[in-house]
């Protein structure tokens, strides 16, 4: 039996020649991964597991024909910049960048090593790519912004807590440099829901405690927690304080709701990790990132934590429950 046939047999009956090509490569490809959050984050770890599993399905076997080197930013801009420099000096074949700050830091360090990003907001406005259709450089990936997001968040807040008249919007400008884009789309529709908006910048845990405490001492007030690696790293504190002050809060990623947050609406991040692996595969096989279009989420999901709603004294309308992708009881 020929070596190619053996490889195909080893991959299972459904294996394709495309997989066999990757497995028969003599050179071990090196992938750098720069994550914006902390190493002990179980939800992001779950995403990375999907990423590596998808690579395996595409014919890449870790330790045989590829290896991964990770760096963790812990929502610290200086740490992210240092890790970006380290990874670029190691000259991997491709680098995966998680969120906007790591992508921007890597883009400053190299214009030649391919970079595939995920969960980046406004890559054109952040000057990471020339356009979504034709990125034009060494950077491409998966954006997470949708212009209708502001109206959808406001609608969710109005439905689940109809007495709310004010929403404080929490973000760290250092880790969410794109924050104005979100503020604009929320404020554009706020008057339609008779909800005023109050942008609140935070930089550390003390700022968070103070900001949420101020919101909690004002009647008819809720929270919008922007997609931001700082908020992700500090989500336990945010969720705890929102519960303490009995604040209805809308979050972006589903793991906020899983961890006790009231409601989340945003892209399916696991799907983004899966699709990122597809772009890494194509680049390792010779594709030019300049010609791979930046893609937007194809799956959006809403998760409602019914236990939290009850603790806040909120009655979730049946029509809202029917629209949820998951209800936590």
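Here, each number is a calculation from the coordinates, and none is a lab measurement. Treat the numbers as computed from the prediction; the structure is a model and nothing was measured. Cβ atoms come from the backbone with ideal geometry, glycine included; neighbour counts cover every protein chain shown.
Cβ-to-Cβ counts within 10 Å put 276, 103 in ascending order as 276, 103, the fewest first.
Between helix 205-216 and the chain there is an angle of about 40 degrees, using the helix long axis and the longest principal axis of the Cα atoms. Take the Cα of residue 146, step 7 Å toward its Cβ, do the same at residue 45, and the gap between the two points is 3.0 nm.
Measuring nothing but how far apart in sequence close Cα pairs (under 8 Å, 6+ apart) lie, relative to its length, the chain scores a relative contact order of 17 percent. When the chain is treated as a GNM with alpha-carbon contacts under 10 Å, the residue of 32, 213, 141 showing the greatest mean-square fluctuation is 213. Legend: translational diffusion of the chain by Stokes-Einstein, Rh = Kirkwood radius over C-alpha pairs, 25 °C, 0.890 mPa s; D = 118 µm²/s.
With a simple spin-label model that places each label point 7 Å from the Cα along the Cα-to-Cβ direction, the separation between residue 57 and residue 322 comes to 3.2 nm. From largest to smallest, the equivalent ellipsoid semi-axes obtained for segment 50-92 from the alpha-carbon gyration tensor read 26, 13, 6 Å.
Remark: spin-label model distance residue 184-residue 299 equals 3.1 nm, labels positioned 7 Å along the Cα→Cβ axis. Computed over the chain with a Gaussian network model linking Cα atoms closer than 10 Å, the most mobile of 229, 298, 264 is 298. Taking the longest Cα principal axis of the chain as reference, the axis of helix 235-244 is set at about 20 degrees. For helix 149-160, report the angle its Cα long axis makes with the longest principal axis of the Cα atoms of the chain; keep it between 0 and 90° and round to the nearest 10°. Result, in degrees: 50.
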